[in-house]
Amino acid sequence: MTEQIENTLRVLSGQLPGRVSRPGDEQYAAATAIWAKPVGRMPRTVVHCRSLQDIQLAIAAARSAGLSLSVRSGGHDWAGRALCDGLMIDLGEMRHVVVSPDRRSARISGGARAFDVLAATDPLGLAAVTGSCSAVGMAGLTLGGGYGPLIGRFGLALDNLMAADVVLADGRIVTAEPGHNEDLFWALRGGGGNFGVVAAIRVRLHELPNVVSGMLIYPFAEARSVLRRSAEAAPSMPEELTVQIGAVAGPDGVPVILLVPTWCGSQGEGDAHIAPLLKLGTLLDNTVDAVRYGTSLSVFDPHIVNGQRTFMETCSLPALDDAAIDAVAETMAKAVSPGCAIFTHEFRGAASRVGVDATAFGVCRDHVLIEILASFADRSDPSAERRHQQWVRDTLGMFDGIALPGGYPNLLGPGDTARAAASYGPNLERLIGIKQHYDPDNVFRSAIPLPSVRHAIAAE
Ligand SMILES: Cc1cc2nc3c(=O)[nH]c(=O)nc-3n(C[C@H](O)[C@H](O)[C@H](O)COP(=O)(O)OP(=O)(O)OC[C@H]3O[C@@H](n4cnc5c(N)ncnc54)[C@H](O)[C@@H]3O)c2cc1C
């Protein structure tokens with residue numbers, strides 16, 4: 001077997017000179033250095049793809065050698081889904097972004113990150129729907145969902161997907177868009193990387209010369225009242241205003257409550273809509289200003305450190321009600337290190353108006369996504385791993401009883417098949433059928449975990 005694998009990889013290296021790397025190579029080290037510190041599996045080989053044909057060859061080699069396969073785009077999956085113990089397809093060199101002449105869409109290569117897109121769109125006063133961090137891969141974000149600061153006005157990133165060029169498990173190259181491979185197009189919007197390697201996406205662009213955005217910081221001692229007032233104000237906020245909330249360690253390690261409002265409506269109106277958020281308590285800092293959309297996404301950059309060990313949990317709440325606010329305040333008071341944090345993402349407005357059967361994404365009602373995060377760098381303390389993991393689990397447990405079924409599939413780990421299934425709700429059966437059709441051998445099994453048809457039927 002090993003000989004067959006080595007022969008296949010030798011042939012592949014000959015077909016793609018300089019584009020196949022192994023442990024010990026610089027290219028290998030760069031491609032496998034993902035956001036979350038890898039534990040366990042590392043690829044036997046990495047194929048640094050530059051074209052559709054490279055991807056075809058990589059898939060064929062993995063299949064003929066019986067190697068597992070994974071795809072690395074922006075490398076910001078917390079569970080390290082980009083890594084497997086077989087062959088990793090690295091799209092890091094496929095980062096082109098081309099804005100269409102009519103300025104209404106952009107073609108984005110499969111390995112581009114949000115900052116690659118922003119570099120092309122910001123100078124034109126245009127914006128694509130991204131997440132809230134510029135380092136995250138656009139394909140990974142969009143295929144699984146894409147909550148972000150523009151969600152109320154323009155929906156999820158996946159609601160703005162217009163087409164995708166996909167290399168399928170059998171090597172065929174297809175375009176999925178309205179009118180062509182519509183079932184695949186439906187499944188790609190929410191089903192993650194389960195159906196093939198997405199070499200490029202075309203996404204809708206929006207005229208957005210500026211946003212009004214920044215960080216508002218309140219003391220943790222006022223957490224309950226600040227969060228309550230913010231939650232009370234939320235229903236009357238216009239859809240153009242999105243507010244992300246965080247409970248995080250401040251510069252001195254003591255927790256603070258931060259609010260990141262982003263106004264993406266008419267210029268000149270933002271300050272008035274954000275004004276009530278400045279009066280929620282004792283404001284410690286305020287960096288809100290009119291800035292380019294890309295600049296607004298750099299707010300979190302200094303805090304996004306690559307290579308830390310990370311535990312993450314997720315759930316969705318119908319609203320940030322008193323029980324949820326109590327849970328946030330209580331659990332953050334027991335944080336085991338400054339790497340513990342809770343973030344929210346809003347889901348409302350344009351996102352909630354998309355019909356539940358329009359895409360594979362299953363939770364299409366107003367809700368608040370909760371991200372529970374515990375990162376640490378120092379692995380010399382053997383108990384650190386256990387303490388951080390336990391804190392994340394305990395925190396998730398505090399939302400039991402008020403959370404909607406499932407969680408955000410993009411943040412669910414490899415063992416979370418049942419929760420991923422619950423997140424797809426009424427779309428699960430169709431999604432599994434499409435997976436079965438396009439990837440019957442489950443070649444892309446490192447993606448968001450989906451139950452097999454057999455399991456889904458057995459569970460009914
Ligand atoms: C710091 C941080 C901030 C985040 N912020 C947000 C946010 O604001 N909003 C939000 O919705 N999510 C957010 N996420 C979650 C993020 O959207 C997912 O983790 C996403 O999968 C990351 O995509 P990536 O391309 O960077 O990751 P990768 O690790 O490169 O890819 C993850 C997986 O996605 C699939 N995939 C990626 N690209 C392709 C492709 N071209 N073809 C086929 N499959 C592909 C593959 O299964 C791959 O293994 C954040 C994550 C992190 C770590």
Linear extension gain, Ala418 paired with Glu26, 0.36 nm per residue minus alpha-carbon span: 137.3 nm
Computed log₁₀ I(q)/I(0) - Debye formula, equal Cα scatterers, no solvent, region 97-207, q 0.09, 0.14, 0.19 Å⁻¹: -0.20, -0.49, -0.90
Compactness of region 1-160, expressed as Rg and Dmax over alpha-carbon positions, Å: 17.0, 55
Fraction in percent of alpha-carbon pairs per bin - 5 Å, region 2-90: 3, 16, 29, 27, 17, 8, 2
Peptide ranges 297-307, 325-335 listed from the most packed, as the mean C-beta count within 10 angstrom indicates: 325-335, 297-307
Stretchable slack from Asp183 to Ile402, in nm (0.36 nm times residue separation minus alpha-carbon distance): 75.5 nm
Pair Leu278, Ala221: separation of 7 Å Cα→Cβ label points (nm): 2.4
Angstrom value of the Kirkwood radius, inverse mean 1/r, which spans all Cα pairs in region 417-458: 10.4
Rg over Rh, two decimals, the chain (C-alpha only, Kirkwood Rh): 0.96
Candidate lysines - alpha carbon under 16 Å from Lys279, same-chain residues fewer than 8 apart omitted: none
Overall form of region 373-419 per C-alpha gyration tensor (a/c, 1.5; a/b vs b/c): prolate
In nm, spacing of pseudo-spin labels at Asp102 and His303 (7 Å Cα→C-beta vector): 4.0
Zero-based 5 Å bins, Cα pair distances in region 148-304, whole percents: 2, 8, 15, 16, 13, 12, 10, 10, 7, 4, 2, 0
Global geometry of region 275-321, whether rounded, prolate or oblate, following the gyration tensor of its Cα atoms and the 1.5 cut on a/c: oblate
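Bear in mind that the values in this text are calculations on the coordinates, not laboratory data. Not measured: the values here are computed from a predicted model. Note: ideal-geometry Cβ built from the backbone for every residue, glycine included; neighbour counts use all protein chains shown.
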